[in-house]
Amino acid sequence: MDRWKGRVALVTGASVGIGAAICKALVQHGMKVVGCARNVEKIEKLAAECQSAGHCGTLVPYKCDLSNEEEILSMFSAIKTLHQGVDVCINNAGLAHSESLLNGKTDGWRTMIDLNVIALSICTREAYQSMKERKVDDGHIININSMSGHRVVFSADTHFYSATKYAVTALTEGLRQELREAKTHIRATCISPGIVETEFAFRLHSLHPEKAAATYNSMKCLEAVDIASAVTYVLGTPPHVHIGDVQMRPVEQVS
């Protein structure tokens, strides 16, 4: 990770859970991290904690609604002005709504598509253009995917969500191919966790929090720091090594 000291990383969905853990890990390794979310108060608190802990990197909170393309473009413009550009883009933001295929609400489907697929693609495009403009040839784009991007579980609550994550799997491989065609050494990676104990399930089952609690109590789940460790592992591999996908589950998880 030494070669990333002083380099700039963008982490989306940085206010809680996996995103916050990734920000902290990268700051510990000396990176300048722009953490974005709609609610930046928690990122500001984390930035203060990182500073108090004496970490050699910095965390810069940025307010951005990823469902609004203009806000995304404005954010990349600000990063260019203040920090030259993005060297690492970690597309972590994502959500699931409990909207089945037979009875789901269109708005719920559209929200998942807009964040999990469209916003990820816009950030990827803008990050690549930032790297290309500055002739950065060793950048890295990491998509926080899901095991739901590799198999469909028997739960109507997550079928549409799973479709968006299958899209992320395809987008990451397509990105790898386009990067090779562009004759760049920028890398593209998916990290696909199973059940991680965060706020995710409580948001998915917002009307039935007992279902979320039961999910997390059913086994020793992955923790956000485990995903952050996978991110630093991938970033820390030699520049000639390409890791396409890291699939990780709790040992006790069946599906």
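Quick notes on this structure:
- For region 153-255, the normalised intensity computed at q = 0.16, 0.17 Å⁻¹ comes to -0.83, -0.91 (log10 of I(q)/I(0), Debye sum over alpha carbons, equal scatterers, no solvent).
- Per atom type, the chain shows carbon and sulfur on 54% of its accessible surface, probed at 1.4 Å.
- Translational diffusion coefficient (Stokes-Einstein; Kirkwood radius from C-alpha pairs) of region 88-176 at 25 °C, 0.890 mPa s, in µm²/s: 178 µm²/s
- Rounded to the nearest 20 debye, dipole of region 138-209 from Cβ charges on Lys, Arg, Asp, Glu: 160 debye
- If the convex hull is drawn through the Cα atoms of region 136-207, its volume per residue in Å³: 95 Å³
- Lys, Arg +1 and Asp, Glu -1 on Cβ, resulting dipole of region 1-77 about Cα centre, debye, nearest 20: 360 debye
- Of the residues ALA228, ASN217, PHE200, the one whose Cα sits farthest toward the positive end of the charge dipole of region 162-255, with +1 on the Cβ of Lys and Arg and -1 on the Cβ of Asp and Glu, is ALA228.
- Net charge, ALA230 excluded, C-beta distance under 15 Å - Lys, Arg +1, Asp, Glu -1: 0
- Taking amide hydrogens as placed 1.01 Å from N in the peptide plane, the amide H of GLN247 sits under 5 Å from those of SER192, each at least 5 positions away in sequence or on another chain.
- Note that region 101-118 has calculated 3J(HN,Hα) couplings of 6, 8, 10, x, 8, 4, 4, x, 4, 5, 4, 5, 4, 4, 8, 6, 10, 5 Hz, one per residue in order, obtained from phi through the Karplus relation 6.51 cos²θ - 1.76 cosθ + 1.60 (θ = phi - 60°); glycine and proline are x.
- Net dipole in debye of region 60-183 [+1 Lys, Arg Cβ; -1 Asp, Glu Cβ; about Cα centre; nearest 20]: 260 debye
- Over the Cα atoms of region 1-143, the radius of gyration divided by the Kirkwood radius equals 1.00; this is the Rg/Rh ratio.
- Residues with amide H under 5 Å from that of ARG187, placed H, sequence gap 5 or more: GLY139, HIS140, ILE141
- Relative counts (whole %) of C-alpha pair distances in region 1-44, using bins that are 5 Å wide: 6, 27, 34, 19, 11, 3, 1
- Beta bridges assigned by DSSP with both partners in the chain are antiparallel in approximately 0 percent of cases.
- Amide hydrogen neighbours beyond the local backbone of LEU59, cut-off 5 Å, H modeled: VAL33
- For region 136-165 versus region 189-219, the spacing of their alpha-carbon centroids is 15 Å.
- Size of the chain: Rg and Dmax of its alpha carbons, in Å, are 17.5, 52.
- In Å², nearest 10: area of HIS242 left accessible to a 1.4 Å probe: 70 Å²
- Derived scalar couplings ³J(HN,Hα) [region 215-224; Karplus, 6.51 cos²θ - 1.76 cosθ + 1.60; whole Hz; x for Gly, Pro]: 4, 6, 7, 7, 6, 7, 7, 5, 10, 4
- Measuring between their Cα centroids, region 223-255 and region 19-45 lie 19 Å from each other.
- Fraction in percent of alpha-carbon pairs per bin - 10 Å, region 88-240: 10, 37, 33, 15, 4, 0
- Each Lys or Arg adds one and each Asp or Glu takes one away; over the other residues whose Cβ falls under 15 Å from the Cβ of CYS64, this sums to -4.
- Karplus-derived 3J(HN,Hα) values for region 5-10, using 6.51 cos²θ - 1.76 cosθ + 1.60 with θ = phi - 60°, are 4, x, 7, 9, 10, 9 Hz; glycine and proline are entered as x.
- Set of lysines near LYS132 by C-alpha distance (under 26 Å), chain-local residues within fewer than 8 positions excluded: LYS5, LYS32, LYS63, LYS80, LYS183
- Free-standing Cys, the chain [no other Cys Cβ under 4.7 Å]: CYS23, CYS50, CYS56, CYS89, CYS123, CYS190, CYS221
- In this structure the chain gives 48 Å² per residue of accessible area when probed at 1.4 Å with all protein chains present.
The values are calculated or read from the model by the stated rules, or taken from the named source; none is laboratory data. Predicted model, so just to flag it, every value in this text is computed and none were measured. Cβ: placed from backbone, ideal geometry, glycine included. Neighbour counts: every protein chain shown. With ligands, DNA and RNA removed, areas are computed over all heavy atoms of the protein, side chains included. Shrake-Rupley method; radii C 1.70, N 1.55, O 1.52, S 1.80 Å.
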